[in-house]
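The values are calculated or read from the model by the stated rules, or taken from the named source; none is laboratory data. What you are looking at is a predicted structure, and each value in this text was computed from that prediction instead of being measured. Every residue, glycine among them, receives a Cβ derived from its backbone with ideal geometry; neighbour counts consider all protein chains shown. All accessible areas refer to the heavy atoms of the entire protein, side chains included, with ligands and DNA or RNA removed. Shrake-Rupley method; radii C 1.70, N 1.55, O 1.52, S 1.80 Å.
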Amino acid sequence: MDNHQKRNLTFLTIGLIFMLSGIEYAVILPTIWRYLQILEAPPYFLGLGLSAFSLSALVTGPLFGIWSDRSKTTKSIVLFSNVFEIVGNFMYFIGYSKWLLLCSRIVAGVGAGAGSSIFGFLTRSTQPEERAGIFAAIMAGRQAGLLVGPAFNLFLRLCDFKLGPFVVNKYTSPGIFMCLLWMLLQFVVLAMYWDVPPVSCEGGATMMEMKQEEVEEEVPLMGSDEEPVHTYRALNSDQLETSTSSDMQPVHRASDPFRNFSASREFLREEVVVVLTAQFITLFNQTALETMVTPLTQRHFNFGELGNSLMYSLCGVEVILGFFFVRWLSRKVADRAVLAAGLVICCTACIWCLIFLCNPRGGYGWELSAFIIGVFLQLLGLPFVAVSQVSLFSKVTAEKTQGFSQGVRRSVGGLATILGPLWAGGLTNNLYIMLGMMLALLLMITVMTALSYDRLTEPRAVQSAQSSDSGG
């Protein structure tokens, strides 16, 4: 089996990993509210339960990223992290108390931290021009899980038996079900996941020469403020060690990805700050709305577990189609244009919800229609923002420390997914305040994107544009 086949199978396995994360979310979210009520948990435990998963992923993401950057491997990291998913979901299945349920989400969240290593691997294994499309396909895997998950809920809700000392019902069955799926995934990873070397683009010799020149530029630039744009050009140490084996000194420098690394220089640049802010705000708003949706549909439309599962299923169809549309669009349009379009759509969705959902008027049919339109608009903008900001981030940060950088990005997102449910959990009866804050954040990041639009591109592209301007 050649490297191209291994690469495709590895990408397929990564898609399955993200798909399982989507299934887990889809089978747990519709029932966790009632599960907590049965365990006599106060209402704020819903926000805690949803945030606990993100909290542990926030902490472990950069650690997994550093591990993968130094080892240049991800397979062992994925196998290790999946153990936490297995244990966490089994704890959720046991569910003797609200505190055990809370701890189960914390343990499972550790496994989600390996996502930083996976995104680092994807960055090193793709060319910039194909990266957005690959990211869109991988993210669509999670949305496929969100689509398939409710279908599993249709039979999980019928469970009513005992498994030894444990009760299996519609609230505990998602835990044991996901535990089994993550165990099966371990065998898939063992058989179909390889730490394949990056794939060279056409004219590989020229690319290698360019990368060797960039290594020679890298060290002096780390100590100089002149033309820092070169510092963040994507480069891969494995390829460099092969192509420059006759020059031992550059190879030695490339062997340690964190040699001369400066977090402030890497992350406190205008374009990086804008992308990280977009990551935070979009995930904050998304998780706040997800937290609000279940109590809202229960209060206004009398949706139960079945109704919520069907709703999430339809949402999954829309988002999957959106990701594949963005996959196509990314070949025609720059990432920053896709990001700007997504932010405009999200602002429109938030304004709609403020006008029509905070103080609904009319009968049941009108209220339901207004709710459907608001959810449709919100989900429409999600793929645009999600894919573009991940792709942009991978291009404006160094490839050699991409695992750690992606860990930082996912930690920023994890912080948002912690604060979002906590913010929305206490304001389900005061939508004006909740949605007003969300709109203010969206308007802020839209203005930031407009002001920094020229910098939201790959550094090499910026340099080329500047060179052509000076030459003209």
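What's the whole-number percent of alpha carbon pairs in segment 267-458 lying beyond 24 angstrom? Can you show the working numbers first?
Values: 7366 of 18336 pairs.
Roughly 40 percent, once rounded to a whole number.
Cα convex hull of segment 1-197: mean projected area in nm², to one decimal?
11.4
Measuring with a 1.4 Å probe in the full set of protein chains, what accessible area per residue, in whole Å², belongs to segment 1-197?
Numbers: 7530 Å² over 197 residues.
Computed with neighbouring chains in place, this is 38 Å² per residue.
Quick one: if you take sqrt(5λ) for each eigenvalue of the C-alpha gyration tensor of segment 392-447, what semi-axes come out, biggest first, whole angstrom?
Semi-axes, largest first: 31, 15, 4 Å.
Between the DSSP loop rule and a limit of at most 13 other Cβ atoms within 10 Å, which trypsin sites (Lys or Arg not before Pro) in segment 309-343 are left?
Details: sites: Arg327, Arg331, Lys332, Arg336; in loops: Arg331, Lys332.
Here the trypsin sites (Lys or Arg not before Pro) that fit, given the DSSP loop and packing criteria, are Arg331, Lys332.
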